[in-house]
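> One structure follows; several queries about it will come next.
The values are calculated or read from the model by the stated rules, or taken from the named source; none is laboratory data. Predicted model only: the values in this text are computed from it and were never measured. Neighbour counts run over all protein chains shown; Cβ positions are idealised from the backbone, glycine included.
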Amino acid sequence: MMSHPTIRRTLVVAATAVLGATALVTAPAVSAAPMTAEKPAALVVSGDMAVAPGVHLLRIEAIGARTADGKTMGTYRATVLDGMNPTPIQVRGPITCLYTAGNTASLIYPITATTPDVLPAAARGAAAVQITVRKGVSGAPSHVGIMGPMATSSFDGCRPAMTPFVFDGMIGIK
């Protein structure tokens, strides 16, 4: 039987591997271009990133908004899944950049908290993740992509990135 610290370390390593592998698959070779115009926007996302039928890796929950003066606010939480079941591993952070256009939205969130709490205080906010969602049209499935985690300073705006994975859930874009 494994001890609690060994189990915890194993879960953290597994979550890091999942997020790192996802980043390698979805990260483009260049940084995203900056947004050109600010306009009010809102986004609500709740659902799972699926890599195959019945194989879901992340449960994504995001609520964000951008005001006419460009102020972005909101929260993001991702729970690592084991097939379709949630694990106790989560990453969380505030939404600091939001892009919306038609059926596509993208957000950036710096990682400020994890469960289990393994993020040193000095590292809170140092790495960020970009999430891009595309709402399916005419019966097509919705899609999601993840870029990162990488240094928060490496993001230049939050224009959409690739969305190679099926998204099983709800996407609301305004």
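> Going by the structure shown, is G93 assigned to a strand (DSSP E or B), within 16 Å of M170 (Cβ to Cβ) and small (G, A, S)?
no
> Let me ask something else. Taking the stated definitions as given, is A33 under 21 Å from A128 (Cβ atoms), modelled with pLDDT under 95 and not polar (S, T, N, Q)?
yes
> Quick test for you: out of T100, T87, T72, T132, pick the one residue that is polar (S, T, N, Q), surrounded by 14 or more Cβ atoms within 10 Å (Cβ to Cβ) and more than 22 Å from P40 (Cβ to Cβ).
T87
> Restricting the search to the stretch 49-84, which residues are in a strand (DSSP E or B), charged (D, E, K, R) and over 11 Å from the mean Cα position of the chain (by Cα)? If you could, list the steps in order and put the result at the bottom.
Here is the first cut: in the stretch 49-84, the ones in a strand (DSSP E or B) are 49-52, 55-66, 72-83.
Then keep just the ones that are charged (D, E, K, R); that gives 59, 61, 66, 77, 82.
Once the filter is applied, which keeps residues that are in a strand (DSSP E or B), charged (D, E, K, R) and over 11 Å from the mean Cα position of the chain (by Cα), the stretch 49-84 yields R66, D82.
> Among the listed residues V80, V45, identify the single one that is in contact with a helix residue (DSSP H, G or I) (Cβ under 8 Å, 6 or more places away or on another chain) and surrounded by 20 or more Cβ atoms within 10 Å (Cβ to Cβ).
Just one listed residue meets the conditions, V80.
> Mind listing whichever residues of the stretch 103-114 are buried (at least 17 other Cβ atoms within 10 Å of the Cβ) and outside any loop (DSSP other than H, G, I, E, B)?
Across the stretch 103-114, the qualifying residues are T104, A105, S106, L107, I108, Y109, P110, T114.
> Determine if the stretch 140-155 includes at least one residue that is assigned to a loop (DSSP other than H, G, I, E, B) and either touching a residue at least 40 places away in the same chain (Cβ under 8 Å) or under 22 Å from P94 (Cβ atoms) (or both).
yes
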